[in-house]
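Novice: I have a structure here, written as structure tokens, and I will follow up with some questions on it.
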Amino acid sequence: FAPLPISKRQQRLIVHAGTLYGPRTPDILLQSLDRLLSHSGQIAPEAFQVRLIGPIKNGSADRSRSYVRRLMEGGCLCIEDSLVPKATARREVREADYLLLLDMTRGDNAGRQLPAKIFDYIRACRPIIAFTARGSATERVLARAGCRHVCIDPDARPMEIDAQLVSFLGAP
């Protein structure tokens, strides 16, 4: 499960491969990217694309939401809301520029559970954008993993989230 060469392309790919269920939703990321594109212009629409690969069982990334529509119309968001073969999902992870990890666990289990995909993501050696609570097990594992990452607290203020994303996506 080694990384594959990144294809020559204009857009950097941010990939989430797997089922979106329960509290695991990309909406905080999508709202931030929409703000950065639409309002501040800090990110160019042709610079990136978010690819959500896998079933969406929690209503997140709903196409009726204005920010989802804007991102899709601008070519910045691709949603493949269906089950894909594991080999296909793994190939997408291994070819991505960035990986999206959604660890939105709250309550008593917030610091103890890990999304299983964290291990594949680390082995893929791609930068990881992780939405996880401060002090979570995910944050601790990523700190020791040796791969470039940013941990964004889902409860942070929108301006803080935007600043962390701009800084992380702007790095080479």
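Novice: Taking a ≥ b ≥ c as the square roots of the eigenvalues of the Cα gyration tensor of segment 1-112, is the shape rounded (a/c under 1.5), prolate (a/b larger than b/c) or oblate?
Specialist: oblate
Novice: Nearest 0.05, what FRET efficiency do Arg134 and Thr19 give at R0 = 22 Å with Cβ-Cβ as r?
Specialist: So the FRET efficiency works out to roughly 0.30.
Novice: For segment 1-60, run through the trypsin sites (Lys or Arg not before Pro) and keep only the ones in DSSP coil with at most 10 other Cβ atoms within 10 Å of their Cβ.
Specialist: Lys8, Arg9
Novice: Along Cα→Cβ, 7 Å out, is where each label goes; now give me the distance between the ones at Ile6 and Cys78 in nm to one decimal.
Specialist: Here the answer is 1.6 nm between the modelled labels.
Novice: Another question, if that's okay. Sorted by accessible area (1.4 Å probe), largest first, how do Ser167, Ser38, Ser136 line up?
Specialist: Ser167, Ser38, Ser136
The values are calculated or read from the model by the stated rules, or taken from the named source; none is laboratory data. Treat the numbers as computed from the prediction; the structure is a model and nothing was measured. Neighbour counts run over all protein chains shown; Cβ positions are idealised from the backbone, glycine included. The area values use the complete protein model at the heavy-atom level, side chains included, leaving out ligands, DNA and RNA. Shrake-Rupley method; radii C 1.70, N 1.55, O 1.52, S 1.80 Å.
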